[in-house]
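Let me begin by presenting the structure, written as structure tokens, before commenting on it.
Just so it is clear, none of the values below were taken in a lab; they were calculated from the coordinates. Keep in mind that what you see is a predicted model, and the values were worked out from it rather than measured. Every residue, glycine as well, gets a Cβ built from its backbone with ideal geometry; the counts of neighbours run over all protein chains shown.
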Amino acid sequence: MVLLPEAARHPAAIARRFAPVHRLLENKYYLDRFNEVVFAGGARLLGRGLWKGGDMALIDGLAVNGSAKLVGWIAAVIRACSRAISTTTRSRC
């Protein structure tokens, strides 16, 4: 049997006596909160920025919608040229 001082046999009494130190150690020096706010929050902001800038603007805006607009524009030009050619050909016949 190990002989300990009376106070060491009662952890609750030690926690009360050294409350500020106990709180600091219990909260792991508040590093978890710091990591949550700084690193995780920064990563979320970066992810949101990449999502809005990269996915919404580049992929959805330029690649998908931009290519659809380009195809629509080319179709309109071809349609106009086709009508002009067919109108010209009919008048000659």
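Assorted remarks:
Quick grid of which residues meet (1) within 30 Å of residue 69 (Cβ to Cβ); (2) more than 31 Å from the chain's Cα centre (by Cα):
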residue: 25; (1), (2): no, yes
residue: 31; (1), (2): no, no
residue: 35; (1), (2): no, no
residue: 40; (1), (2): no, no
residue: 48; (1), (2): yes, no
residue: 59; (1), (2): yes, no
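- Total residues in the stretch 34-72, condition under 29 Å from residue 24 (Cα atoms) and not aliphatic (A, V, I, L, M): 7
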